[in-house]
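Structure provided below as structure tokens; questions to follow.
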Amino acid sequence: MHSFSGIKNGGSTYSFNPCSQFTDKSCKNAIVCQDDRTCCGRPTEVSFDVSKQPPLVTYGKGDVLGKAARISIVVLKCDPKQDHTLTMDGENPRGTYHFTLTSKYSCVVKPPPPPPTTQAPPPPVDTTPAPRPQPTAAPTVYHHKEDSQVSVGTILDISMLMVLITYLVAGTSFMYFRRGERGKDALPNIAFWMALPGLIKEGSLFLVVKVRSLRGGSSAGYDAL
């Protein structure tokens, strides 16, 4: 943006730089200077009013006049054919300076419209009927039924086995530790167990002879045997 100087009004000369502060003799750190000695606005206090047309920009914090600081109000006027011109419109009230900045740079540029969006066509709908699921045979489930009952014979066999084991263990311990028997003599009732095969044989022969005698035979065979 261009800086302006030598702008005259009411017997005073004004300088204006809208972009950066400057110092002109005794007018220091200013945006707007009057007669190279009085600051009429500084960049430390800037406000924009876009509610008005054309919009305004106000620079405050100028040199104090009476009890208030000077301010400068710049009207931003749009002219697309004008590069930049500045006019001083007067001081009203005292200590408030009015300017008009006419420039193509003051015009509000509308953003270009967004490019049109093209929507992709929806994918074709597949109308092919889905294949029906084939019926499957139900799996064959085999149930194993466990017999939770124990027969009476099994119970008797287990009982007899336990009695026999108890008899052998207890009898052998008694013969071994109390009577000092060793070897086969440590078995309880060893004489009985050794004679048991012969007794079984004799009982069997007696039974055979008895059966024959009942059928009409003779019992002499038993005596001969």
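The values are calculated or read from the model by the stated rules, or taken from the named source; none is laboratory data. For clarity, every value in this text was computed on a predicted model and none was experimentally measured. Note that we place each Cβ from the backbone using ideal geometry, even for glycine, and neighbour counts take in every protein chain shown. Just so you know, the surface numbers come from the protein's heavy atoms only, side chains and all, with ligands and any DNA or RNA stripped out. Shrake-Rupley method; radii C 1.70, N 1.55, O 1.52, S 1.80 Å.
When you scan segment 7-25, do you find a residue that is aliphatic (A, V, I, L, M), without any contact (Cβ under 8 Å) to a residue 60 or more places away in the chain and open to solvent by less than 80 Å² (accessible area, probe 1.4 Å), even just one?
No, the conditions are met nowhere in segment 7-25.
OK, next. Out of everything in segment 88-110 that is closer than 13 Å to residue 72 by Cβ and hydroxyl-bearing (Ser, Thr, Tyr), what residue ends up being surrounded by the most Cβ atoms within 10 Å (Cβ to Cβ)?
The extreme case among them is 97.
For segment 45-65, what are the residues that are at pLDDT 90 or above and of a type in the set (Val, Ile, Thr)?
Across segment 45-65, the qualifying residues are 46, 57, 58, 64.
Which residue pairs have Cβ atoms closer than 8 Å, lie 6 or more positions apart in sequence or on different chains, and pair a first residue in segment 186-198 that is closer than 11 Å to residue 172 by Cβ with a second residue that is exposed (fewer than 11 other Cβ atoms within 10 Å of the Cβ)?
Here the result reads 190/184, each pair linking segment 186-198 to a residue that is exposed (fewer than 11 other Cβ atoms within 10 Å of the Cβ).
Report whether or not residue 168 is closer than 30 Å to residue 33 by Cα, out of contact with any Asp or Glu (no Cβ under 6 Å at 6 or more places or on another chain) and not in a loop (DSSP other than H, G, I, E, B).
No.
Then there's this: Being among the small types (Gly, Ala, Ser) and either in a loop (DSSP other than H, G, I, E, B) or more than 21 Å from residue 30 (Cβ to Cβ) (or both) is the filter here; which residues of segment 65-85 pass it?
Across segment 65-85, the qualifying residue is only 66.
Can you pull out every residue in segment 26-59 that is in a loop (DSSP other than H, G, I, E, B), surrounded by fewer than 18 Cβ atoms within 10 Å (Cβ to Cβ) and touching a strand residue (DSSP E or B) at 6+ places or on another chain (Cβ under 9 Å)?
26, 35, 36, 37, 43, 44, 45, 50, 52, 54, 55 - these are the residues of segment 26-59 that are in a loop (DSSP other than H, G, I, E, B), surrounded by fewer than 18 Cβ atoms within 10 Å (Cβ to Cβ) and touching a strand residue (DSSP E or B) at 6+ places or on another chain (Cβ under 9 Å).
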